[in-house]
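Quick notes on the structure that follows.
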Amino acid sequence: MLITILIIVASLIALVLIIALIMPKEYSLSSSIKIKRPQADVFNYVVNLRNQKYFSKWVMADPNAELTYKGTDGTVGFIAGWNSKDKNVGVGEQEITSIIPGERYDVELRFVKPFKATNHAFTTVKSISGDESEVTTTFLAKTPVPMNLMVPMLKKMLLKDMNINSANLKKVLEA
């Protein structure tokens, strides 16, 4: 009986590991919103990472988080860091790695706590008309085996938060 139970448990563990090996280890998520402001105004606002404290759910999650900044905001090489005792916020930083003026900026996200990871994101701003723009933020992630088993749950949670960030940005810029 004990051998049968051990075989079943070992088989279940093997099955989970096989599933983890064949599941995607990379994924991307995007959130878009239309904002009634000219492209230049919107881009100049979002490329300045200090402004995230007004619309990012993650930055606003812990009002006591220590925010640090290095460099000139809105330029390649600028680093915005956070340090929070709240495990849902954790410790990390993001660095602007490239900018296409008025159109797109890319960041490298370096998470330290509650887990170590390096991911990437980019934000684009496109003109829909003279006074309306579309902002799209895309998050690109790599998740190692066996943590990639959690990707479906993570994607749902992250997309919800990204959509909140987009809605908050719209409120701020259209106020």
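Only residues of region 11-50 count here: report those whose backbone N is under 11 Å from the spot 7 Å along Cα→Cβ of Lys156, or say none.
Under cut-off, by backbone N: nothing.
Just tell me, in residue order, which DSSP H segments of the chain are both 24 angstrom or longer along the helix axis (alpha-carbon based) and at least -1.0 in mean Kyte-Doolittle hydropathy.
2-22, 151-174
Lys/Arg Cβ at +1, Asp/Glu Cβ at -1, dipole of the chain taken about the Cα centre: which of Val135, Val91, Val47 is farthest positive-ward?
Val91
Quick one: putting +1 on the C-beta of Lys and Arg, -1 on the C-beta of Asp and Glu, what dipole do you get for the chain around its Cα centre, in Debye to the nearest 20? The partial results should precede the final answer.
On the way: 21 positive and 16 negative charges, 84 e Å.
My answer is approximately 400 debye.
Mind checking the dipole of region 96-146: about its Cα centre, +1 per Lys or Arg Cβ, -1 per Asp or Glu Cβ, Debye to the nearest 20?
Approximately 500 debye in magnitude.
Please list Tyr45, Tyr105 from largest to smallest accessible area, probe radius 1.4 Å, with all protein chains kept in place.
So the residues, ranked largest to smallest area, are Tyr45, Tyr105.
Pairs Lys36/Lys113; Lys36/Lys142; Lys87/Lys171; Lys34/Lys113; Lys53/Lys155: which exceed 26 Å Cα-Cα?
Numbers: Lys36/Lys113 37 Å; Lys36/Lys142 34 Å; Lys87/Lys171 28 Å; Lys34/Lys113 33 Å; Lys53/Lys155 23 Å.
Distance filter (> 26 Å) returns Lys36/Lys113; Lys36/Lys142; Lys87/Lys171; Lys34/Lys113.
Set the Förster distance to 35 Å, then compute FRET efficiency between Asn163 and Ile13 from the Cβ-Cβ distance, nearest 0.05. Intermediate results must be reported in sequence, preceding the final value.
Working: r = 36 Å, r/R0 = 1.03.
With R0 = 35 Å, the Cβ-Cβ based efficiency is 0.45.
At Thr68 and Ile100, where each label point lies 7 Å from the Cα along Cα→Cβ, what is the point-to-point distance in nanometres?
3.3 nm
In what order, largest first, do Met162, Met23, Met147 sit by accessible area if the probe radius is 1.4 Å? Present the calculation step by step, with values, prior to reporting the outcome.
Working: Met162 10, Met23 40, Met147 100 Å².
Largest to smallest exposure gives the sequence Met147, Met23, Met162.
Length gain on complete extension for the stretch Ile22 to Met147, per 0.36 nm per residue less the alpha carbon to alpha carbon distance?
That works out to 43.8 nm of additional length.
Normalised by the residues of the chain, what does the relative contact order come to in percent, with Cα pairs under 8 Å and at least six apart? Could you put the intermediate results ahead of the total?
Numbers: 314 pairs, mean separation 51.7, N = 175.
Contact order relative to length: 30 percent.
May I ask you to give the percent of accessible area on region 1-151 that is carbon plus sulfur, with a probe radius of 1.4 Å?
62 percent
The values are calculated or read from the model by the stated rules, or taken from the named source; none is laboratory data. The structure displayed is predicted, hence computed values, not measured ones. Virtual Cβ from ideal backbone geometry, glycine too; neighbours counted across all protein chains shown. Areas reflect the complete protein model, heavy atoms only, side chains present, ligands, DNA and RNA absent. Shrake-Rupley method; radii C 1.70, N 1.55, O 1.52, S 1.80 Å.
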